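No value in this document is a laboratory result; all are computed from the given coordinates. Being a predicted model, the structure only gives us computed values, none of them experimental. Counting neighbours? That spans all protein chains shown, and the Cβs are built from the backbone with ideal geometry, glycine included.
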Amino acid sequence: MKKIRQFLLAIVISLALTSDANAGSTQNNTSGSNTAIEGGYTSSTTYQSGSSSSSTTTNNSTSNIRSAPPSAFAPGVNSSGVDVCSVGASAGVQTFGLGVSGGKTFRDENCERIKLSRQLDSMGMKVAAISLLCQDPRVFEAMVQAGTPCPFEGKIGKQANTLWKKYDKLRPDYRQYTKNLKIMEKIDEKTIVIKPLPPIKSKSQ
C-alpha cells in the first residue's frame, strides 16, 4: 500500500515539475515583401531520485514574398468635337511606392487656319480666305510657283508680287526663299555664255 502511495506521489510531483515552452513566432511585413520566422520549442522533465530527461526542438522557417507594384493608368484626355482643333496626349509611370500620371491637350494651328479660311470663304470673303491660308509657308510658295502671288495689304496680282519682292522679309517662307536664291545664284555663276564668232572674211574680198 505504501509503495502505491509513493508511486502516485512521484507521478504528481513529476507533473508539477514539468515545464513547457511554447514556440515563439515572429513576423515582419514591409512594403512589397512578407517575411515570417518561426521556431524555438523546448521541453524538459525531471524525475524522482535525480533522474532527468530533456529535449529541445527548433524549427526555423523564412519566406520572402514580393508582389508586383500597382499599375498606373494614364488619364483620358477628351479632345473630341466638331470645331475643336486639339490633340490629346497622356502618360503614366509606376514604381514601387510611387506612381505618376498626367495628360495635356495641344492646339493644331493648321486645323484652325483651315476652318477659319473655310468660314471666310462661305461668307464670300475669298481674298481674306486666301490671305489666311497664305500664312502657311507651303501655301505661300505654292501660290508663287503658280503665278498667283498671295495678296499684300489689299493688292493682288502683279502689284502684290512687286510688293512681296520689295518687302521680302515679310514673306512666311523667307528662310526657304533666301536658300532658293543662293542656289539659283550659284547655278547662274557656273553658266557659261558662248558668244558667236564674227564671220571670217575671205582673201578674195
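Structure above, values below:
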| quantity | calculated |
| --- | --- |
| Charged-residue dipole, Cβ positions (Lys, Arg, Asp, Glu), segment 109-185 about Cα centre, Debye nearest 20 | 180 debye |
| Computed label-point distance, nm, for sites Met125 and Ile187 using a 7 Å Cα→Cβ extension | 3.9 nm |
| Under Karplus coefficients 6.51, -1.76 and 1.60, residue-wise ³J(HN,Hα) of segment 160-177 in Hz, glycine/proline x | 5, 5, 4, 5, 5, 6, 6, 10, 5, 5, 8, 5, x, 9, 4, 5, 5, 4 |
| Integer Hz, Karplus 6.51/-1.76/1.60 couplings in order for segment 141-158, x for Gly and Pro | 5, 5, 5, 5, 5, 7, x, 10, x, 5, x, 10, 6, x, 8, 10, x, 5 |
| Lys179-Glu112 pseudo-label distance in nm [points 7 Å out on the Cα-to-Cβ vector] | 2.6 nm |
| Proximal aspartates and glutamates relative to Lys166, as straight alpha-carbon distance under 14 Å, when same-chain residues fewer than 8 apart are discounted | Glu153 |
| Amide H partners (placed H, <5 Å) of Thr148, local residues excluded | none |
| Highest to lowest packing among 140-152, 119-131, scored as the average C-beta count within 10 Å | 140-152, 119-131 |
| Calculated from backbone phi, Karplus (6.51, -1.76, 1.60) coupling profile of segment 100-115 in Hz, x at Gly/Pro | 9, 8, x, x, 7, 10, 10, 6, 10, 5, 5, 5, 4, 4, 5, 5 |
| Contour minus Cα-Cα distance for Glu153 and Ala89 (0.36 nm per residue) | 19.1 nm |
| Cα-based shape type of segment 87-205, given that a ≥ b ≥ c are square roots of the gyration tensor eigenvalues and the cut on a/c is 1.5 | oblate |
